[in-house]
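Read through the structure below, which is laid out as structure tokens, and then see the notes.
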Amino acid sequence: MKIKSILVANRGEIAIRIIRTAKKMGIRTLVIKTAKEPNAWYLEVADEVIDFSECYDDTPEFLDIERIIYNAKEHRVDAIHPGYGFLAENPEFARRCEEEKIIFIGPSHDAIFRMGNKTIAKELAKSCGVPLLGGSTGAVADPEEAARVANQVGYPVILKASAGGGGRGMRVVEKEKDIARMFNLATKEAEKAFNNPDVFIEKFVREPRHIEFQILADKHGNVVHLGERECSVQRKHQKLLEESPSPALDEKLRKKMGDAAIRIAKSVNYYSAGTVEFLLDDKNNFSFMEMNTRIQVEHPVTEMVTGIDLIEQMIRIAEGEKLPFSQKEIKMNGWAIEWRINAEDVQSGFSPSLGTIEKISWPESEQIRVDTGVKDGSVITPYFDSMIAKLIIHAEDREKALELSSLAIRKFWIKGTKTTLAFCRAVLQNQNFRKGKFNTSFLSKELKIHYHQEPDEEMLAAFFAAYDYAREIHEMEDKPLYVEKGKEIAPWVMNKRLR
């Protein structure tokens with residue numbers, strides 16, 4: 001069945017990202033308006049807006065399954081794309097779509113359930129011959145059982161939420177005396193985050209790399225991987241930047257891990273886009289961690305190096321089409337890095353920085369892609385994720401991608417809220433990062449100072465403040481501020497000349 005309309009059950013940059021591809025395919029798009037973001041940019045980009053501003057109960061708008069389903073039927077949409085987060089990995093939501101004959105642009109509810117439950121996923125990986133870390137075979141019932149398993153595995157161990165991800169419901173335990181306290185903390189957090197208190201235990205690997213493989217699979221049994229993404233730069237298990245390919249992998253290891261990812265996907269008759277995540281130790285031994293049954297935040301780096309539009313493929317797979325390429329036909333060209341730019345105060349421990357985006361601008365070229373859900377005047381609220389934009393750089397090799405990243409980040413300006421741009425600059429100054437020698441301990445061991453300030457940054461801030469004031473005055477007189485040969489000169493160009 002050809003999809004003619006899609007309800008995007010999400011917001012922000014991922015909603016705009018999905019809409020962009022849908023429009024390219026001639027598909028009408030609908031989105032949900034909330035009282036928390038009544039003037040959000042994604043509302044302007046869609047063809048139609050469904051107003052959820054009036055709250056009927058305490059269920060958050062993007063988590064209200066029945067209300068979303070009801071409105072999808074009322075507006076006669078063919079399909080729903082959940083994006084990431086919210087209901088993207090909720091098997092009940094996928095099941096309800098299937099029951100109501102609405103196409104769910106994602107995998108089956110059975111695949112979501114089995115891969116979403118980490119203990120079931122581990123058993124499936126084991127049956128496929130994919131390496132696993134030692135640990136419990138399922139959820140541990142109480143602190144006493146947790147202590148017995150931990151003693152068998154050997155400390156340190158990590159407690160993980162069976163039904164979750166994103167770093168929530170996870171606790172590292174170094175010694176037996178801490179196991180009961182950490183078990184209680186992990187189960188309470190898991191219950192709050194996922195409505196499921198179950199946790200399991202794994203052997204904790206110190207300072208591994210976090211490597212994930214992008215999967216695409218159709219409904220006809222064809223499964224391919226699109227190479228790996230390096231996701232080791234993290235804070236509290238939250239990714240801060242990603243790149244593809246990984247500096248740690250060669251072709252032999254890439255094939256071995258990619259084949260393992262495909263076997264896991266096939267074990268649940270998977271279709272759509274998905275990501276299989278691994279831990280890689282310093283001896284290049286990899287272990288299965290989990291599978292994310294949705295599109296990932298970091299999917300643009302894969303798109304940049306493969307030239308494949310993952311959202312388009314998700315839609316075509318949902319329509320029943322076969323994959324248009326085989327594994328041998330997929331090539332990775334060049335290097336891509338994604339920098340997550342969040343509204344956070346790095347100097348205050350990455351605390352959220354709320355406010356209005358007064359001005360946002362970035363350099364443009366064929367090698368630079370910016371995915372964002374904000375524009376001038378957008379408001380950063382406490383209700384949703386603090387990510388402002390994703391800056392994606394593509395170049396012929398890693399060294400050139402890093403150099404272009406430095407240039408692009410220097411020219412990326414956001415006025416009105418504090419951001420992680422200073423953190424991005426600090427990472428780029430680190431020599432071990434530039435050499436590709438890093439792992440998940442990078443922030444704690446390599447980055448002593450989490451921000452980098454350019455020598456002339458205060459002067460530039462003062463210049464732009466003066467420029468904005470002068471521009472306002474000149475706009476009152478309907479005259480541009482700086483003109484050369486009949487064209488207005490950009491402020492950063494004028495600033496460079498003044499220096």
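The values are calculated or read from the model by the stated rules, or taken from the named source; none is laboratory data. Please read all numbers here as calculations on a predicted model, not as lab measurements. Cβ coordinates were reconstructed from backbone atoms using ideal geometry, including for glycine residues, and neighbour counts include every protein chain displayed.
Can you tell me which residue among Glu277, Glu290, Glu243 is part of a strand (DSSP E or B), buried (at least 24 other Cβ atoms within 10 Å of the Cβ), in the same structural domain as Ile392 (by TED's automatic domain parsing) and among the acidic types (Asp, Glu)?
On the way: Glu277 fails: buried (at least 24 other Cβ atoms within 10 Å of the Cβ); Glu290 fails: buried (at least 24 other Cβ atoms within 10 Å of the Cβ).
It is Glu243.
Are any residues in the range 77-106 aliphatic (A, V, I, L, M) and touching a strand residue (DSSP E or B) at 6+ places or on another chain (Cβ under 8 Å), and if so, which ones? First the steps, then the outcome.
Taking the range 77-106 first, the residues aliphatic (A, V, I, L, M) are 77, 79-80, 87-88, 94, 102-103, 105.
Hits for the range 77-106 are Val77, Ala79, Ile80, Ala94, Ile102, Ile103, Ile105.
Which condition number does Trp339 fail, the rest of (1) under 30 Å from Cys97 (Cα atoms); (2) not in a loop (DSSP other than H, G, I, E, B) being met?
Status for Trp339: all satisfied but (1).
Any idea which of Glu98, Glu13 is of a type outside the set (Gly, Ala, Ser), crowded, with 20+ Cβ neighbours inside 10 Å and either outside the structural domain of Glu321 (by TED's automatic domain parsing) or not in a loop (DSSP other than H, G, I, E, B) (or both)?
On the way: Glu98 fails: crowded, with 20+ Cβ neighbours inside 10 Å.
So the residue among Glu98, Glu13 that is of a type outside the set (Gly, Ala, Ser), crowded, with 20+ Cβ neighbours inside 10 Å and either outside the structural domain of Glu321 (by TED's automatic domain parsing) or not in a loop (DSSP other than H, G, I, E, B) (or both) is Glu13.
Please verify whether Arg254 is assigned by TED's automatic domain parsing to the domain that holds Asp385, under 27 Å from Ser108 (Cα atoms) and either touching an Asp or Glu at 6+ places or on another chain (Cβ under 7 Å) or modelled with pLDDT under 95 (or both), treating the condition exactly as stated.
On the way: assigned by TED's automatic domain parsing to the domain that holds Asp385: yes; under 27 Å from Ser108 (Cα atoms): no; either touching an Asp or Glu at 6+ places or on another chain (Cβ under 7 Å) or modelled with pLDDT under 95 (or both): yes.
Here the answer is no, as Arg254 does not meet what is asked.
Please verify whether the range 388-398 includes one or more residues that are under 29 Å from Glu312 (Cα atoms), assigned to a helix (DSSP H, G or I), in contact (Cβ under 8 Å) with a residue 40 or more places away in the chain and not aromatic (Phe, Trp, Tyr). Working first, answer last.
Of the residues in the range 388-398, the ones under 29 Å from Glu312 (Cα atoms) are 388-398.
Filter once more, keeping what is assigned to a helix (DSSP H, G or I): 398.
Then drop every residue that is not in contact (Cβ under 8 Å) with a residue 40 or more places away in the chain, which leaves 398.
If we keep only those that are not aromatic (Phe, Trp, Tyr) as well, we get 398.
There is at least one residue in the range 388-398 that is under 29 Å from Glu312 (Cα atoms), assigned to a helix (DSSP H, G or I), in contact (Cβ under 8 Å) with a residue 40 or more places away in the chain and not aromatic (Phe, Trp, Tyr).
Out of all the residues in the range 348-355, is one or more crowded, with 21+ Cβ neighbours inside 10 Å, in a loop (DSSP other than H, G, I, E, B), in the same structural domain as Glu242 (by TED's automatic domain parsing) and among the hydroxyl-bearing types (Ser, Thr, Tyr)?
First pass over the range 348-355, keeping only residues crowded, with 21+ Cβ neighbours inside 10 Å: none.
Within the range 348-355 (the criterion being crowded, with 21+ Cβ neighbours inside 10 Å, in a loop (DSSP other than H, G, I, E, B), in the same structural domain as Glu242 (by TED's automatic domain parsing) and among the hydroxyl-bearing types (Ser, Thr, Tyr)), the answer is no, since none of the residues qualifies.
Inspect all residues belonging to the range 36-54 and state whether any of them is out of contact with any Lys or Arg (no Cβ under 7 Å at 6 or more places or on another chain), in a helix (DSSP H, G or I), outside the structural domain of Leu310 (by TED's automatic domain parsing) and more than 24 Å from Leu354 (Cα to Cα).
no
Here is a list: Gly129, Gly167, Gly138. Which entry is touching a residue at least 60 places away in the same chain (Cβ under 8 Å), assigned to a loop (DSSP other than H, G, I, E, B) and under 30 Å from Leu7 (Cα atoms)?
On the way: Gly129 fails: under 30 Å from Leu7 (Cα atoms); Gly138 fails: under 30 Å from Leu7 (Cα atoms).
Only one candidate passes the filter, namely Gly167.
Just to check your reading of the model, which residue among Val172, Val224, Val233 is outside the structural domain of Ala395 (by TED's automatic domain parsing) and either of a type outside the set (Ser, Thr, Tyr) or more than 23 Å from the chain's Cα centre (by Cα) (or both)?
None of the others qualify; the one that does is Val172.
Taking the range 187-196 as the search range and keeping residues that are modelled with pLDDT of 90 or more and crowded, with 18+ Cβ neighbours inside 10 Å, which one is nearest to Pro143 (Cα to Cα)?
Thr187
Of the residues Glu202, Glu228, Glu243, which single one is in contact with a Lys or Arg (Cβ under 8 Å, 6 or more places away or on another chain) and within 25 Å of Pro156 (Cα to Cα)?
Values: Glu228 fails: within 25 Å of Pro156 (Cα to Cα); Glu243 fails: within 25 Å of Pro156 (Cα to Cα).
The conditions single out Glu202.
Among the listed residues Glu74, Glu66, which satisfies the condition of being over 20 Å from Ser378 (Cα atoms), loosely packed, with under 13 Cβ neighbours inside 10 Å, in the same structural domain as Met25 (by TED's automatic domain parsing) and in contact with a strand residue (DSSP E or B) (Cβ under 9 Å, 6 or more places away or on another chain)?
Numbers: Glu66 fails: in contact with a strand residue (DSSP E or B) (Cβ under 9 Å, 6 or more places away or on another chain).
It is Glu74.
From the list Gly129, Gly106, Gly138, Gly134, which residue is among the small types (Gly, Ala, Ser), out of contact with any Leu (no Cβ under 7 Å at 6 or more places or on another chain) and under 15 Å from Thr275 (Cα atoms)?
Going through Gly129, Gly106, Gly138, Gly134 in turn, just one is among the small types (Gly, Ala, Ser), out of contact with any Leu (no Cβ under 7 Å at 6 or more places or on another chain) and under 15 Å from Thr275 (Cα atoms): Gly106.
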